[in-house]
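S.K.: Before I ask anything, here is the structure I am working with.
Just so it is clear, none of the values below were taken in a lab; they were calculated from the coordinates. Just so it is clear, the structure is predicted and the values come from calculations on it, not from any experiment. Glycine gets a Cβ as well: all are built from the backbone with ideal geometry, and neighbour counts include every protein chain shown.
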Amino acid sequence: MSEPNEPKKNDSGRARLRLAEPHLAAALASGAPEAPAGAERASTGPLTAGHFMTDFYPGLMPGLWPEVGKNLALSEAAATTLPAIGSALMVLQPFIGLWADRLGARRRFIVTGLVVAACLYPLLLLMPSYALTVACLVPAALGIATFHPVAAGAAKRGGAAALSLFVGLGTAGYVTGQLAGPAVVQAFGAEWLILLAIPGLAAALWIQGTERPGARPPPPSLQLLWGDLCARWRPVAVLWAIVALRAFAIMAFVRLLPFFLDERRGLAPLPRSIPGTILILACAIGGLFAAWLMRRLGARFSILLSFALGMPLLAVGAWAVSLGGGALGAWDLASYGLTFVGGAVMGSTVPVNIALAQRLLPRSAALASGVMMGLGWSVGGVLVPLGSLLGGAMGNTAHAVAVLVAATALSGALALLLPRDDDAAAEG
């Protein structure tokens, strides 16, 4: 039975919440909904290539933020505010998605965001002051925030497979950036990073030249979008909290461990990027099994299990990093193994969040993607400097990361607030 898109004005809050639950179950079963006939869309190839490159550029930085800190004579706590500023700007994603929907200028937003990110992220290590670094970082991060909600909304129109490919290629781009940035700096110097802008500009040209416009449907009114949010606030809020807490754990691991490996163990940019690279790569691989897990275990149990098993493994992996010496050794290998398994378990439930949000807010895929990818990762990233402060208090940043990641495992209980799969199916 299909559900109405808009609840009646005299419905109770409980009735409106129950209205959303079949949409949640349907999203688990079928992934992202298909596009309306004639909707504006871009082919999957250019979009996924664009997402690969868009995530590649912020991926350059986790292993290089310690270098920025040393160049500008910043403390660890001060240096970690820079990526937090970039994360804070991701909060604009839902609003940028709405703006793109209203203007009907999706291709312009996608291409502009990619070009700005490609040109500015490689320049961050060359900025001579904190103020100029922030002045370069803000538009670069806005480019990322501009690309994601609009491109994800366009990818969703290709169905569940296209959305999974879009998400997976973005993660692969971030992993590639984590290796490429430190490798270039270590081998040739920071001034050569600008050459990495070339493939991003090529991807932008590909998107510009291959989009197939089609007949663009009129954008939904803000009143209807607000009605959707009010009717489905509870499942959307639960999904958002899960995304934010997962993002906090992942970003604390990826951003803070390089500072520890630089200051306490004296590792070069490339080896200190390895733990975070393994984590993001493992999340991408785990995400490939999301649909399989959803069909067999359901949403609630899969998410609960991914937090309960994945987070403790990541915590032990972070703690093992602190036991190594001045060179890579056995403790690092143990950490890599634990990080990979924990990351794969955590990543196995990442892609479903976007598909669920887009099913719950079907009138604007860009808004739904912005809420999950923007607001969720923004809040998670902004909280990371707290981990640096905790590390200062504990005297060991790696131990602080381990404690924070382990504590986040408890938040998997939020999955219990999602509707039961069998109940939702019975209602549908």
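S.K.: Roughly how many nanometres apart are two label points built 7 Å out from the Cα toward the Cβ at residue 296 and residue 416?
M.R.: 2.5
S.K.: Each residue of region 124-135 in order: what ³J(HN,Hα) in whole Hz does its phi give by Karplus 6.51 cos²θ - 1.76 cosθ + 1.60, θ = phi - 60°, with x for Gly and Pro?
M.R.: Running phi through 6.51 cos²θ - 1.76 cosθ + 1.60 with θ = phi - 60° gives 4, 6, 9, 6, x, 8, 4, 4, 5, 5, 5, 5 Hz.
S.K.: Here is a follow-up. What is the fewest-to-most order of 95, 248 by other Cβ atoms lying within 10 Å of their Cβ?
M.R.: The fewest-first ordering by Cβ neighbours comes to 95, 248.
S.K.: Rank the residues 340, 188, 56 as a footprinting-exposure proxy: fewest other Cβ atoms within 10 Å of their Cβ go first.
M.R.: By the 10 Å Cβ count, ascending: 188, 340, 56.
S.K.: Separation between the residue 233 and residue 183 pseudo-spin-labels, each 7 Å from Cα along Cα→Cβ, expressed in nm?
M.R.: Label at residue 233, label at residue 183, 4.9 nm between them.
S.K.: While we're here: Take the Cβ-Cβ distance between residue 210 and residue 288 as r, set R0 to 22 Å, and report the resulting FRET efficiency rounded to the nearest 0.05.
M.R.: Values: r = 26 Å, r/R0 = 1.17.
Efficiency at R0 = 22 Å is approximately 0.30.
S.K.: How do the peptides 86-94, 236-244 rank, highest first, by the average count of neighbouring beta carbon atoms within 10 Å per residue?
M.R.: 86-94, 236-244
S.K.: How would 206, 377, 99 line up from fewest to most surrounding beta-carbon atoms within 10 angstrom?
M.R.: If I rank by nearby Cβ atoms, fewest first, I get 99, 206, 377.
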